[in-house]
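In what follows, a single structure is set out as structure tokens and then discussed.
We did not get these values from a lab; they are worked out from the coordinates using the rules stated. Note that this is a predicted model, so its numbers are computed, not measured. In this analysis, Cβ positions are derived from the backbone assuming ideal geometry, glycine residues included, and neighbour counts consider all displayed protein chains.
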Amino acid sequence: MSERMIISEPYYFTDSISHCGYCNGQKPDKNDNFAVRSWYDKHLQAQDGLDVQNCTLGVQLELVSVEMYDKLCNMGFRRSGKFLYKPDLLRNCCRMYTIRTTVDQVKVSKDMKACIKRFKKAALPDSNQNSKKGHKGPFDFMREIIETENESKNFYTKFEPAIYSDEKYSLFARYQESVHNDFDHNPKSFKRFLCDAPFSPEVIRGTKQEWDQLNDWKNPERYHFKRLGPAHECYYYNDNLVAIAVVDILPSGISSVYFIWDPAYAKMSLGKLSALRELAISSKINRKHYYMGYYIQDCPKMNYKGKYGGELMDLCNYKYTPLSRIEKDIEHSKFFLLSDDPNLANEPRLDERFSETPATWQASDKLYNVVENVYGVNGGAFRAANEAAEQLSEKAIPYSREPFHDICTHEKKNDIYSIPNVVPGLLPLGEILQMILQQKINLVNNNMVLFDTSMGHIRLVVDFDQESPQIKKTICDLVRLFGLKNTIDSLVIV
């Protein structure tokens, strides 16, 4: 983790839910727009004029180590090119949960078996599958995929650096236009979206040894796989490029970024196949988890991921929990917060947890969903945040009370640098206040670097207390997003 993280000051975007790429503001039940039931009940009589928004936090991420990006994924962040983002799950119209799974958590369904059968039929057109001697025991999708690819003469894949080519863009264009009815694209936007990455040039290029090992993933006994970073896995059928899996290979697993396929080969179900293949590859190269992006309970194009088993991130606790455990809690696109204390009313502290590998709630834990206690209309999080904001303001850090803490009110929606006082998954303002009072924030001194775009120069943060109010707030907001330890040696563009 030698790279210094280079990031912009954080942004907070709000937009009409009609621009949401998942629900388009068209949910049939308005209750499903709300993270917490009590907020829906409060606005039940004013639905037509309700200002529910599509809300996202993010930073421009110019450089980061693969190890740090692994941590960020587990905090609920994803990347689009070099833009790092996460939804505000309290105010956003859709609840977007980080989901991960493993080979052991997958229960092979009839649909998955049918997908592999179609793949075998296409990849082995001359074989009589029914006449082949079958394997005894339960269906093993990893074995089926590997044997089929080893025997096929017309299907193969190749891992390579995530760099632009006209052939890749042509495939992307066909996919976007046919599958998503998206004609607003060009080579530059494709490169920015699926080729650009916030890693060093050396990481992006990789080495011949790394790529050779990765392309021999079916023989794991030969290697200690070294590849970390972004990759394009190109799928070829009859020597035609028919699909590209865009992935990030992380220390803890493979993260799926995007998958594009040629509409002419729709019958091959390459999208479904890719998930099974990437699960198999994760296991074979000794990366425990397969990160599938976001899971949205009420969105068909995102909730299919639940078919692969797995677990969701309990964002406020930085802990994973099996999806099966909280399915009822997240019905109607609701937010959840688990606790062993049924009376918990304050947001959990997160800073120390962000320095560690995320834990998992144990099956033996007796847990309660306390989301109403903390984030409901009378939730304790808002009161505590307002009290902390007042004290921070007294110390010349310009946070302000939000007197009417309605999650559907966005008084500062045109200020993209203003993050609400309460956002699930960020360090609570009270925790930031304690860092100030205990002078822990001074760890940024002589570590954090600022690039001042207005002055065009780089300087060291020597004394946090002597910085301008706005710079202090920017530093505090970054700590809210990432934790103190993960932030102290960053280079921040302001």
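What is the distance, in nm, between label points placed 7 Å from the Cα along the Cα-to-Cβ direction at residue 167 and at residue 113?
So the label points at residue 167 and residue 113 sit 3.7 nm apart.
Please give the peptides 319-325, 435-441 ranked by average Cβ packing (other Cβ atoms within 10 Å per residue), highest first, as a rough proxy for protection.
319-325, 435-441
Per residue of region 57-70, in order, report the coupling 6.51 cos²θ - 1.76 cosθ + 1.60 (Karplus, θ = phi - 60°) as ³J(HN,Hα) in whole Hz, putting x for Gly and Pro.
9, x, 9, 7, 10, 7, 8, 7, 6, 4, 5, 5, 5, 4
Need one number: % antiparallel among DSSP beta bridges in the chain, to the nearest 5.
Among the beta bridges of the chain, antiparallel pairing accounts for roughly 80 percent.
Any number yet on Rg/Rh for the chain, C-alpha, Kirkwood?
Here Rg/Rh amounts to 0.98.
Rounding to the nearest 10 and keeping the result within 0 to 90°, find how far the Cα-based axis of helix 380-394 lies from the longest principal axis of the chain.
Approximately 60 degrees, to the nearest 10.
Hey, can you grab everything whose amide H is under 5 Å from the amide H of residue 258? Only 5+ residues off in sequence or another chain; H modelled, so Pro and N-termini drop out.
Distant-sequence amide H within range of residue 258: 246.
Which distance in nm do the two modelled labels at residue 401 and residue 140 give, with both placed 7 Å along the Cα-to-Cβ direction?
So the two model labels end up 6.6 nm from each other.
Report the paramagnetic label zone for residue 359: residues of region 62-104 whose backbone N is under 17 Å from a point 7 Å from Cα along the Cα-to-Cβ axis.
In region 62-104, the label zone of residue 359 (backbone N under 17 Å from the point 7 Å along Cα→Cβ) covers 75.
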